[in-house]
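Notes for the one structure printed next.
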Amino acid sequence: MEEPNMIVTVGQNADSKWVEQELTARGLWFDRFERGGRVQLAIAPHSRQVDRDELLHIRGVETVVERVSLHPLVDAQPAVVRVGDVEVGAGRPAAIIAGPCSVESEAQIASLARVLARMGVRFLRGGAFKPRSSPYAFQGHGREALMWMRRAANEQGMKVVTEAMSAEEAVLVTELADMVQIGSRNMHNSALLKAVAKQRRPVLLKRGMAATIEEWLSAAEYALLHGAPSVIFCERGIRSFDPSTRNMLDIGAVALLAHVHRQPVLVDPSHAAGRRDLILSLSKAAIAAGASGLMIETHEDPGHAMSDGPQALLPEDLARVLEEVDHVGR
Ligand code: PEP
Ligand code: MN
């Protein structure tokens with residue numbers, strides 16, 4: 001059995017059947033043990049979350065021991081966090097992060113920022129340092145790209161979200177970004193997490209492409225422990241056996257993070273799908289599952305994009321996605 005969430009011990013002369021019924025009625029799964037004449041009910045980790053006090057009030061329950069969490073700071077993080085003056089999380093308007101995969105030129109990012117701001121997009125994304133799978137692929141314009149993006153965002157009153165790939169870049173990136181992205185290839189890089197966290201900016205933590213949810217939560221714990229004011233999770237698809245889509249969007253993980261762990265979680269349908277014709281459907285699914293926002297790659301001329309063109313939306317297509325997700329209940 002996996003490590004249980006809680007262990008309920010029933011009093012010596014109490015009616016354990018009653019306690020079991022009460023747990024079942026609350027949607028909890030458990031294994032039953034008898035130790036030293038006591039019945040213990042070990043609640044399975046995939047059970048519904050329940051308050052310890054609630055269980056203590058069940059007639060016959062003597063003690064309830066909670067599992068010590070490996071990520072207490074994440075558990076204590078509020079469901080709504082702030083990036084500057086923008087709130088992200090449950091019950092807030094969907095946070096939209098849009099922009100190109102890579103910042104390609106000053107003119108490109110300035111023009112796109114103008115169009116996105118007019119659509120009400122608050123966060124401008126764009127890679128300056130690009131984590132490419134191939135060393136021969138375009139690696140990003142680096143520092144210059146950061147400056148272009150900062151200027152474009154300032155002109156439009158937008159916030160900048162961009163990735164830091166190494167501890168050495170952390171200071172530079174955090175000086176120019178409002179939220180620092182940790183990419184999928186770097187989720188396990190604790191040195192990078194610490195370096196970014198030290199700069200005290202909100203972190204957008206993408207899920208490693210083969211990371212379990214507990215590993216993802218622990219990566220967030222690193223960031224919070226080392227000074228990040230908040231961590232927003234971003235599901236971007238995991239590796240599967242099937243290459244038909246670029247990655248497999250794990251909607252279950254989104255629901256789990258949003259509704260069980262009560263964390264702010266966004267979805268990046270672009271890197272999940274790898275193709276623009278699926279972005280609308282995946283975006284709607286994401287919001288329905290409890291995502292607090294979306295990160296969507298957008299480009300004014302996707303056919304000539306320097307990276308990830310096939311998944312980039314035209315601004316007018318993004319407008320349609322935003323309009324449709326507006327009607328999806330969370
Ligand atoms: C990105 O968002 O620019 C990116 C490279 O995504 P990921 O780290 O999810 O592959
Ligand atoms: Mn990309």
Next on the checklist: For region 230-253, give me the residue count where each residue is without any contact (Cβ under 8 Å) to a residue 40 or more places away in the chain and more than 22 Å from Cys101 (Cβ to Cβ).
Outcome noted: 4
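Looking only at region 64-100, which residues are in contact with a helix residue (DSSP H, G or I) (Cβ under 8 Å, 6 or more places away or on another chain) and open to solvent by 10 Å² or more (accessible area, probe 1.4 Å)? Let's see the steps before the verdict.
Taking region 64-100 as the starting set, the residues that turn out to be in contact with a helix residue (DSSP H, G or I) (Cβ under 8 Å, 6 or more places away or on another chain) are 64, 66, 69-74, 77, 90, 94, 96, 98-100.
Answer for region 64-100, where residues must be in contact with a helix residue (DSSP H, G or I) (Cβ under 8 Å, 6 or more places away or on another chain) and open to solvent by 10 Å² or more (accessible area, probe 1.4 Å): Glu66, Ser69, Leu70, Pro72, Leu73, Gln77, Ala90, Ala94, Ile96.
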Checklist entry - From the list Gly120, Gly91, which one is within 20 Å of the chain's Cα centre (by Cα), assigned to a loop (DSSP other than H, G, I, E, B) and more than 16 Å from ligand 1 (Cβ to nearest atom)? => result Gly91
Checklist entry - Which one of these is closer than 17 Å to Ala76 by Cβ and of a type in the set (Lys, Arg): Arg262, Arg201, Arg207? => result Arg262
Next on the checklist: Please go through region 10-63 and give me each residue that is closer than 25 Å to Glu214 by Cβ and crowded, with 18+ Cβ neighbours inside 10 Å, ordered by number.
Outcome noted: Leu23, Leu28, Phe30, Gln40, Leu41, Ala42, Ile43, Leu55
Next on the checklist: I need a count of the residues in region 298-321 that are closer than 17 Å to Asp277 by Cβ and either touching a strand residue (DSSP E or B) at 6+ places or on another chain (Cβ under 7 Å) or in a helix (DSSP H, G or I) (or both).
Outcome noted: 16
Checklist entry - With respect to Arg114, is the statement that it is open to solvent by 30 Å² or more (accessible area, probe 1.4 Å), of a type in the set (Lys, Arg) and assigned to a helix (DSSP H, G or I) true? => result yes
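Scan region 269-287 and give yes if some residue there is under 25 Å from His327 (Cα atoms), among the hydrophobic types (A, V, I, L, M, F, W, C) and outside any helix (DSSP H, G or I), otherwise no.
Looking only at region 269-287, we keep the residues that are under 25 Å from His327 (Cα atoms), and these are 269-287.
Filter once more, so that each one left must be among the hydrophobic types (A, V, I, L, M, F, W, C): 272-273, 278-280, 282, 285-287.
Those still in the list that are outside any helix (DSSP H, G or I) too: none.
Checked region 269-287: no residue is under 25 Å from His327 (Cα atoms), among the hydrophobic types (A, V, I, L, M, F, W, C) and outside any helix (DSSP H, G or I).
Sort through Arg320, Arg262 and tell me the only one that's within 25 Å of Ser102 (Cα to Cα) and either within 15 Å of ligand 2 (Cβ to nearest atom) or open to solvent by 50 Å² or more (accessible area, probe 1.4 Å) (or both). Even if it seems obvious, please write down each step before you answer.
Values: Arg262 fails: within 25 Å of Ser102 (Cα to Cα).
It is Arg320.
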Next on the checklist: Can you find a residue that is under 19 Å from Gly208 (Cα atoms), within 20 Å of the chain's Cα centre (by Cα) and open to solvent by 10 Å² or more (accessible area, probe 1.4 Å) anywhere in region 284-298?
Outcome noted: no
Checklist entry - Would you pick out the residues in region 264-289 that are more than 15 Å from ligand 1 (Cβ to nearest atom), in contact (Cβ under 8 Å) with a residue 40 or more places away in the chain and out of contact with any Leu (no Cβ under 8 Å at 6 or more places or on another chain)? => result Pro264, Leu280, Lys284, Ala288
Item to check | In region 174-192, the residues that are open to solvent by less than 10 Å² (accessible area, probe 1.4 Å), more than 16 Å from ligand 2 (Cβ to nearest atom) and either under 20 Å from Ala98 (Cα atoms) or without any contact (Cβ under 8 Å) to a residue 12 or more places away in the chain (or both) | outcome: Thr174, Ala177, Met179, Val180
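If you take the residues in region 193-222 that are of a type in the set (Gly, Ala, Ser) and more than 27 Å from Ser283 (Cα to Cα), which one is surrounded by the fewest Cβ atoms within 10 Å (Cβ to Cβ)? Reasoning before the result, please.
In the first step, residues of region 193-222 are kept if they are of a type in the set (Gly, Ala, Ser); the result is 195, 197, 208, 210-211, 218-220.
Keeping just the survivors that are more than 27 Å from Ser283 (Cα to Cα) gives 195, 197.
Working: Ala195: 21, Ala197: 23.
Ranking the qualifying residues of region 193-222, first place goes to Ala195.
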Checklist outcome for this item: Among the residues of region 79-106, the number that are farther than 27 Å from His271 by Cβ and touching a residue at least 12 places away in the same chain (Cβ under 8 Å) is 0
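Taking region 143-173, which residues are open to solvent by 50 Å² or more (accessible area, probe 1.4 Å) and either at pLDDT below 95 or over 14 Å from Val83 (Cα atoms) (or both)? Steps first, please.
Residues of region 143-173 open to solvent by 50 Å² or more (accessible area, probe 1.4 Å): 143-144, 147, 151, 154-157, 165, 168, 171.
Selection gives Arg143, Glu144, Met147, Arg151, Asn154, Glu155, Gln156, Met165, Glu168, Val171.
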Checklist outcome for this item: Taking region 144-173 and keeping only residues that are in contact with a helix residue (DSSP H, G or I) (Cβ under 7 Å, 6 or more places away or on another chain) and either without any contact (Cβ under 8 Å) to a residue 12 or more places away in the chain or under 22 Å from Ser218 (Cα atoms) (or both), one is left with Thr162, Ala164, Met165, Ser166, Ala167, Ala170
Item to check | For Gly293: the one exception among (1) of a type in the set (Gly, Ala, Ser); (2) out of contact with any strand residue (DSSP E or B) (no Cβ under 6 Å at 6 or more places or on another chain); (3) in contact (Cβ under 8 Å) with a residue 40 or more places away in the chain | outcome: (2)
Next on the checklist: Taking the criterion of being within 15 Å of ligand 2 (Cβ to nearest atom) and hydrophobic (A, V, I, L, M, F, W, C), would at least one residue in region 310-317 satisfy it?
Outcome noted: yes
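The values are calculated or read from the model by the stated rules, or taken from the named source; none is laboratory data. None of the values given here were measured: they were computed from a predicted structure. A quick note on method: Cβ atoms are made from the backbone with ideal geometry, for glycine too, and the neighbour counts reach across all protein chains shown. SASA here: full protein model, heavy atoms, side chains in, ligands and nucleic acids out. Shrake-Rupley method; radii C 1.70, N 1.55, O 1.52, S 1.80 Å.
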